[in-house]
Amino acid sequence: MNTSYDSIQSAVSVIRERCSIQPKVGIILGSGLGAFADSLENKTVIPYSEIPNFPTSSVAGHAGRLVIGTLAGEPIVAMQGRVHMYEGYTPQEVAFPARVLCSLGINSLVVTNAAGGINGSFKAGDLMLIRDHVNLSGKNPLVGPNDDRLGPRFPDMSHAYDPELCDILRKTASKLNTPLQEGVYVWMSGPSYETPAEIRMLHNMDIDAVGMSTVPETIIANHMGVRVAGISCITNLAAGISKVPLSHAEVSETANRVKERFTTLLAHFLPAIANVPRRQ
Ligand code: HPA
């Protein structure tokens with residue numbers, strides 16, 4: 001798969017030919033969390049298979065469609081489903097759709113995922129604002145020659161999850177009376193879930209939630225000067241904390257259970273950040 005500057009531009013051109021809306025916010029919807037895209041108005045739906053160079057997902061719960069539309073009058077682009085490194089894609093391929101979204105001119109990217117809860121105060125079904133991340137995958141989507149048209153060789157990650165967007169998210173949740181946990185997310189490569197020993201190690205590192213995605217897209221958006229906000233749906237307690245074996249069925253079932261609360265939060269949060277400009 002080609003992830004060059006020209007491949008990004010050809011994906012952008014095809015999307016622009018299909019839809020004249022210029023999105024201000026992009027959102028990547030994780031496992032079982034895709035329903036939000038259905039609530040957009042004036043929708044154009046483009047299957048990933050119709051966008052040049054876009055990787056297509058093989059995981060249940062990941063629809064594989066780009067949905068462009070409006071929400072409270074604000075233009076939004078949503079990815080219903082993403083690909084993961086464990087499917088065999090390189091980190092550059094995993095992050096390619098985020099490159100395309102950022103190249104469409106969005107100000108902010110909202111990344112969402114299903115995650116295992118490590119923090120002792122978390123319960124399955126909680127939503128967590130991602131305050132920061134730890135990359136323990138050993139991989140980075142910026143490895144390789146740097147294209148200066150996209151961003152700098154050594155991007156700063158001090159505010160990987162933008163403090164201004166985090167504040168707006170806290171305020172939005174509080175206005176809606178939606179409980180919102182907060183914490184640090186770690187990217188593990190998967191696809192096997194973690195062992196209890198790994199979870200004890202992550203707990204000792206002060207990590208709150210674990211998952212197999214999101215970090216590559218966050219790195220790419222920061223590289224391009226696009227602000228990022230992140231929300232994890234804690235679909236299960238992590239290995240060794242949970243009394244039952246982990247399963248994708250449990251992840252999907254919990255994601256489905258929080259669907260409404262999650263969708264309502266996003267429906268208020270996305271329009272609220274639409275006009276926060278890119279970082280300078
Ligand atoms: N570990 C890793 N990824 C996950 C988990 C987990 O417990 N739950 C959902 N995604």
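Worth pointing out:
- The phi-based Karplus calculation (6.51 cos²θ - 1.76 cosθ + 1.60; θ = phi - 60°) puts the 3J(HN,Hα) values of the stretch 84-97 at 10, 5, 5, 7, x, 7, 6, x, 5, 5, 4, 8, 4, x Hz, whole numbers, x for Gly and Pro.
- The trypsin sites (Lys or Arg not before Pro) found in the stretch 177-260 that occupy coil by DSSP, while having at most 12 further C-beta atoms within 10 Å, are 243.
- Those residues of the stretch 126-158 whose amide nitrogen sits under 20 Å from the label point placed on residue 261, 7 Å along Cα→Cβ: 126-131
- Annotation: the antiparallel percentage among DSSP beta bridges lying fully within the chain is about 35.
- Percent of beta bridges antiparallel (DSSP, the stretch 18-136, rounded to nearest 5): 55
- Whole-percent carbon and sulfur share, accessible surface of the chain, 1.4 Å: 51
- Here's the list of aspartates and glutamates a cross-link from residue 171 could span, going by alpha-carbon distance under 18 Å and ignoring same-chain residues fewer than 8 apart: 126, 162, 182.
- Cross-link partners of residue 139 among aspartates and glutamates, defined as those whose alpha carbon lies under 15 angstrom from its own and excluding same-chain residues fewer than eight positions apart: 87, 93, 217.
- Sites residue 38 and residue 176 - FRET efficiency at Förster radius 22 Å, r taken between beta-carbons, to 0.05: 0.65
- Accessible area ranking (1.4 Å probe, heavy atoms, ligands and nucleic acids excluded), largest first, for 241, 51, 168: 241, 168, 51.
- All lysines inside 28 Å of residue 243 as judged from Cα atoms, apart from same-chain residues fewer than 8 positions distant: 123, 259
- The modelled label-to-label distance between residue 200 and residue 146, using points 7 Å beyond Cα along the C-beta direction, is 4.1 nm.
- Per residue accessible area in Å² of the chain, where ligands, DNA and RNA are left out and the probe is 1.4 Å: 41
- Take every Cα pair under 8 Å whose residues are at least 6 apart in sequence, average their separation, divide by the length of the chain, and the relative contact order is 26 percent.
- Going by accessible surface with a 1.4 Å probe and the largest first, 247, 158 read 158, 247.
- DSSP-defined beta bridges in the stretch 127-237 - what % are antiparallel, rounded to 5: 25
- Separation of the stretch 87-112 and the stretch 219-277, taken as the distance between their Cα centroids, equals 16 angstrom.
The values are calculated or read from the model by the stated rules, or taken from the named source; none is laboratory data. Everything quoted here is computed from the prediction, not taken from an experiment. With ideal geometry, Cβ positions are generated from the backbone for all residues, glycine too; neighbour counts draw on all protein chains shown. All accessible areas refer to the heavy atoms of the entire protein, side chains included, with ligands and DNA or RNA removed. Shrake-Rupley method; radii C 1.70, N 1.55, O 1.52, S 1.80 Å.
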